[in-house]
Amino acid sequence: MKTRYIFLLALIAAASLVSCQQMEKPAFEDPASTRMEKFLDNFQNVLSNPKGGNGWYMAYYTEQDKTMGGSIYTIQFDKPAKGEATIFHEDVTPAAGWGDSCNYKLSRDDGPVLSFDTYNVAMHYFSTSSSEYYQSRGGDFEFELMSACPDSVVMRGKRSRNIFKMYPLEEAPDTYIQKIQQMDADLTLGLVEAEITGGLIQMQLDLNNRTIIIGRKGASEDELVSVPYIITPTGFRLYEALDFQGVIFKDFVFDADNLSLQSNGITFNMVIPEGFMKYNRYLGKYVMTTGRLGSFNVEIVEDVHNRSYLLKGLHPQFDVKLVYNAGQGALNWFTQSVGRTEEDHEMILCAWCVLNGQSGTFTWATTAGMRSVVDNPDIDNFVLTMADFGTMSGNQVDSFILFDYTEYNASQTVNTGFPASWNFPGGNFRLYGPFTFTKIVE
């Protein structure tokens, strides 16, 4: 993919914000310390007195090259200013630091700096190391102050050097974040297309990485443009305005009923693939039929709305996670970690290609698995057949198999001597395909 950006109205510095307070050298020069104090005092006044009194929302990007989209923070600075801020982030739940407060300070470094200097789950979400991100994700919690005015605050991350912009909220901070979370759940689109001068253009949404790939229909890969976005209460907004064939795109409004997007008077309609079904159609009870274990009742229940499900009843020790493919309107079943034994061994349900009855080839790769194909999406008692997803290096996934991943890492041998309670019905750690799911109509 040749990635290129065409942006308008770039705001790299605050020089164009003539109505805003900035650090600059006056004609009759005050001492540097005096100018700094005046700037910090003004900045503090702006932070603590936003329009409407609800605080600020901030578009937050961690990648310097913007290969991934951003997320949303809301920050409410105390008034009168005593150095405390209340912070929400769309990925932090109420149970894990929702609306917690932390200390902040305005200080002098090489220039004026805003720093959040006590730990806060939300503010330090992208700068904290974890087992998945052992070097964190390059997040900022210290910002160089560039300009401050009633309509916007512009800062630069000390770590990433990204430009961060804050805007006044028109509603309560938690309400705004809840709307962002709801839109993120509702936004289920894959490939969309629109008619503009010059012909059809198509846009592919990568919902997980929050980027769009846009180009004229039939364009070669090196002609496509990739642009990151953030979620808004009504849809999403591109990192910067995009001029595509003379049409300016920035904000997109999502129409859930018609599966379409609108931007600058242009409507993008979803290209509906054959067999497409909306998320809720898959919820319910099924008869699952396997290759050798026979048939038994299972249920598909909601996990993350419009994103994933849990398959219950397949195994006594765990549920299987199924992913909703919004572009195809189908279910995906991938290799996944499914739990730990009493000895604290991690168990992996692996995509498996059966070659000669019992042996075959399997993979730990979580991109390998199966997808659903529906026989008739227009009826209630439809039948889903699971087919190879096409990502297992030339092999076709037709089954799944359970392995002790902890033992494998210790001995480099595949261990299947785990407790019998971890076997599938029929006393087997092998789950043979083919698989079908027949919807039960109640």
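Side notes on the structure shown:
- Accessible-area composition of the stretch 240-331, carbon plus sulfur, in percent [1.4 Å probe]: 45
- Positive dipole terminus of the stretch 267-413, leading residue within Ala410, Gln328, Phe318 (C-beta point charges): Gln328
- With the convex hull of its Cα atoms as the shape, the chain has an orientation-averaged projected area of 26.3 nm².
- Computed over the stretch 169-228: relative contact order in percent, which uses C-alpha pairs under 8 Å that are six or more apart: 20
- Bridgeable aspartates and glutamates around Lys439 (alpha carbons under 20 Å apart, same-chain partners fewer than 8 residues away excluded): Glu274, Glu299, Glu302, Asp303, Asp319, Asp375, Asp378, Asp380.
- Residue of Gly426, Gly369, Gly394 that the Gaussian network model of the chain assigns the largest fluctuation, springs spanning Cα pairs under 10 Å: Gly394
- Cα-based shape type of the stretch 373-442, given that a ≥ b ≥ c are square roots of the gyration tensor eigenvalues and the cut on a/c is 1.5: oblate
- Here Lys38 is the anchor, and the lysines within straight C-alpha reach of less than 16 Å, apart from those fewer than 8 places off in the same chain, are Lys25, Lys105.
- Note on the stretch 232-304 and the stretch 381-401: Cα centroid distance 22 Å, given to the nearest whole angstrom.
- The dipole here belongs to the stretch 193-237: it is taken about the Cα centre, uses +1 on the Cβ of Lys and Arg and -1 on the Cβ of Asp and Glu, and is about 220 debye.
- Candidates per trypsin sites (Lys or Arg not before Pro) in the stretch 184-250, loop by DSSP, up to 13 other Cβ within 10 Å: Lys217
- Those trypsin sites (Lys or Arg not before Pro) in the stretch 48-111 that DSSP places in a loop and that have at most 14 other beta carbons within 10 Å: Lys82
- Across the chain, C-alpha contacts under 8 Å between residues 6 or more apart give a mean separation that, scaled by the residue count, equals a relative contact order of 11 percent.
- Prolate is the label for the stretch 137-194, because the ratio a/c of its alpha-carbon gyration tensor axes (a ≥ b ≥ c) is 1.5 or higher and a/b is greater than b/c.
- For the stretch 261-403, a crude dipole built from +1 on the beta carbon of Lys and Arg and -1 on the beta carbon of Asp and Glu, taken about the Cα centre, is about 200 debye to the nearest 20.
- Per residue accessible area of the stretch 321-442, 1.4 Å probe, in Å²: 47
- The residue list Ile201, His345, Phe437 was ranked by how far each Cα lies along the charge dipole of the chain toward its positive end, using unit charges on Cβ atoms, and Ile201 comes out on top.
- Options Cys149, Ser115, Pro377, ranked by Cα towards positive dipole end of the chain, top entry (Cβ charges): Cys149
- When the GluC sites (Glu not before Pro) in the stretch 213-304 are filtered for DSSP coil states and for at most 11 other beta-carbon atoms within 10 Å of their beta-carbon, the remaining sites are Glu274.
- Between helix 32-48 and the chain there is an angle of about 50 degrees, using the helix long axis and the longest principal axis of the Cα atoms.
- Exposed loop sites here are chymotrypsin sites (Phe, Trp or Tyr not before Pro) assigned a DSSP state other than H, G, I, E or B and surrounded by at most 10 other beta carbons within 10 Å; excluding them, the longest clear run of the chain is 135-442.
- Phi to ³J(HN,Hα) by Karplus 6.51 cos²θ - 1.76 cosθ + 1.60 over the stretch 175-183, Hz, x for Gly, Pro: 5, 4, 5, 4, 5, 4, 4, 5, 5
- Distance violations [Cα-Cα > 28 Å] among Lys250/Lys321; Lys79/Lys250; Lys79/Lys165: Lys250/Lys321; Lys79/Lys250
- Unit charges on C-beta of K, R, D, E only; dipole of the chain, Debye: 320
The values are calculated or read from the model by the stated rules, or taken from the named source; none is laboratory data. Quantities reported herein were computed from a predicted structural model and do not represent experimental measurements. Counting neighbours? That spans all protein chains shown, and the Cβs are built from the backbone with ideal geometry, glycine included. What goes into the accessible areas is simple: the full protein's heavy atoms, side chains included, and nothing from ligands, DNA or RNA. Shrake-Rupley method; radii C 1.70, N 1.55, O 1.52, S 1.80 Å.
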